[in-house]
Amino acid sequence: MSESADVAVIGAGVVGLGVARELARAGREVVVLEAERQVGMHTSSRNSEVIHAGIYYPKGSLKARFCVEGRKALVAYCAERGIPHARPGKLIVATAEEEVATLGTLKAAAEANGVADLVMLTRAEVHELEPDVRCVRGLFSPSTGLVDSHALMAALRRDAEAAGAQVALGTPVRSGRVSDSGIELTAGGDEAMAVRFRLVVNCAGPWAQEVAHRIEGVPAAAIPPQYFAKGHYFVMPGKHRFRHLVYPVPVPGGLGTHLTLDLGGQARFGPDVQWCDGVDYAFDESRAASFYASIRRYYPLLADGALVPGFTGVRPKIAPPNSPAPDFRIDGPQQHGVPGLVNLFGIESPGLTSVLAIAAHVRTLAG
């Protein structure tokens with residue numbers, strides 16, 4: 001016989017912690033099962049830490065809806081909790097005339113999503129904002145911001161635990177089984193134990209598909225394929241004149257090798273897109289050459305040797321290279337037929353921005 005409990009959230013990244021907070025504050029008894037010894041060791045902390053406005057996503061998609069709703073909720077939450085954040089705004093720049101039409105497309109998409117504050121800029125207007133940026137036209141997003149992802153996760157965890165949730169670190173989910181009375185999970189290290197939960201929310205990020213496959217009774221056809229895109233970030237130490245984030249027009253698989261600023265003002269560039277077979281954070285310094293070439297299209301003053309290796313992150317993908325970017329997959333019983341299970345797949349950007357909206361949606365699916 002296994003013990004019984006109310007809710008298991010698998011994964012203590014930013015989304016898992018957000019879901020745990022939401023469900024605990026709704027009165028559920030929640031335990032978060034995290035394989036690592038710390039929270040947020042993967043996608044949640046290996047990214048650009050950008051609060052996105054809601055520009056890039058198709059109208060009516062979960063990404064569009066949750067990004068716009070989530071941005072507003074996240075900014076308010078950060079202000080309330082004293083979480084470091086900023087709103088420097090973002091420039092998306094066309095470096096050739098043939099890219100200008102893309103800026104118009106992005107502006108129209110943003111407006112369709114309810115983002116009404118984007119402004120088209122001339123070359124001279126961009127120069128006033130960022131004298132070192134070269135382009136023919138620009139699109140300015142004043143609502144784009146930055147957040148300290150570690151401080152955000154710490155706040156979400158504090159809220160969840162204050163509402164009664166427990167976070168079990170070093171507790172990987174080994175296997176599972178769907179039964180008539182719930183979902184039994186076997187989790188832990190050498191002394192793993194089995195517990196039957198009324199609700200399981202799979203927020204395992206890059207491993208969400210693997211976790212779903214480990215639960216006997218989850219239809220294989222309801223689990224999407226798994227792909228991984230590594231992104232490298234180079235940093236540029238020292239002084240610079242940038243005051244805003246600067247993005248090129250989007251590229252397949254990502255948003256282009258863009259310039260972001262951390263909350264301390266340091267400039268960093270990335271991520272690129274390197275498709276890989278799994279989660280691998282090794283840094284390939286040979287990719288610097290392509291970074292210099294990409295960045296100099298909009299920042300020609302970048303000096304040789306100015307970039308130093310920073311870090312890598314891996315984006316969990318559910319579509320292969322050269323495919324249209326898919327929407328978030330947040331599947332409840334209506335999608336897979338398993339009562340008491342919610343699977344989250346392909347939660348990449350804008351997942352950080354969307355965390356509070358995603359959590360509210362999961363609560364609705366959970367009933």
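Here are a few things to note about the model shown:
- From the options Ala319, Ala282, Ala289, residue that is surrounded by 13 or more Cβ atoms within 10 Å (Cβ to Cβ) and at pLDDT 95 or above: Ala319
- Single residue of the range 71-96 satisfying the filter (under 21 Å from the mean Cα position of the chain (by Cα) and assigned to a strand (DSSP E or B)) that is surrounded by the most Cβ atoms within 10 Å (Cβ to Cβ): Ile92
- Qualifying residue in the range 232-241 (condition: buried (at least 21 other Cβ atoms within 10 Å of the Cβ), in contact with a helix residue (DSSP H, G or I) (Cβ under 8 Å, 6 or more places away or on another chain) and not aliphatic (A, V, I, L, M)): yes
- Residues in the range 301-316 that are open to solvent by 30 Å² or more (accessible area, probe 1.4 Å), over 25 Å from the mean Cα position of the chain (by Cα) and under 29 Å from His85 (Cα atoms): Leu301 only.
- Some residue of the range 137-144 being in a loop (DSSP other than H, G, I, E, B), open to solvent by 10 Å² or more (accessible area, probe 1.4 Å) and either closer than 20 Å to Leu356 by Cβ or of a type in the set (Asp, Glu) (or both): yes
- Among the residues listed as Glu99, Glu36, the single one being surrounded by fewer than 22 Cβ atoms within 10 Å (Cβ to Cβ) and not in a loop (DSSP other than H, G, I, E, B): Glu99
- Residues in the range 145-181 that are in a strand (DSSP E or B) and either over 24 Å from Ser294 (Cβ atoms) or aliphatic (A, V, I, L, M) (or both): Leu146, Val147, Gln166, Val167, Ala168, Val173, Arg174, Ser175, Gly176, Arg177, Val178, Ser179.
To keep it simple, each residue is scored yes or no on (1) of a type in the set (S, T, N, Q); (2) within 18 Å of the chain's Cα centre (by Cα); (3) within 30 Å of Glu22 (Cβ to Cβ).
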position	(1), (2), (3)
Gly217	no, no, yes
Gln226	yes, yes, yes
Val246	no, no, no
Gly270	no, yes, no
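- Odd one out for Thr353 among (1) within 30 Å of Val133 (Cβ to Cβ); (2) in a loop (DSSP other than H, G, I, E, B): (2)
- Residue within the range 46-56 that is of a type in the set (Ser, Thr, Tyr), open to solvent by less than 30 Å² (accessible area, probe 1.4 Å), assigned to a loop (DSSP other than H, G, I, E, B) and touching a Leu at 6+ places or on another chain (Cβ under 9 Å) present: yes
- Options Met193, Met120; residue that is at pLDDT below 95, open to solvent by 50 Å² or more (accessible area, probe 1.4 Å) and hydrophobic (A, V, I, L, M, F, W, C): Met193
The values are calculated or read from the model by the stated rules, or taken from the named source; none is laboratory data. This structure is a prediction, so every number in the text was calculated from the model and none was measured. Because the Cβ atoms are built from the backbone with ideal geometry, glycine has one as well, and the counts that use them run over all protein chains shown. Surface areas here come from the heavy atoms of the whole protein model, side chains and all, with no ligands, DNA or RNA. Shrake-Rupley method; radii C 1.70, N 1.55, O 1.52, S 1.80 Å.
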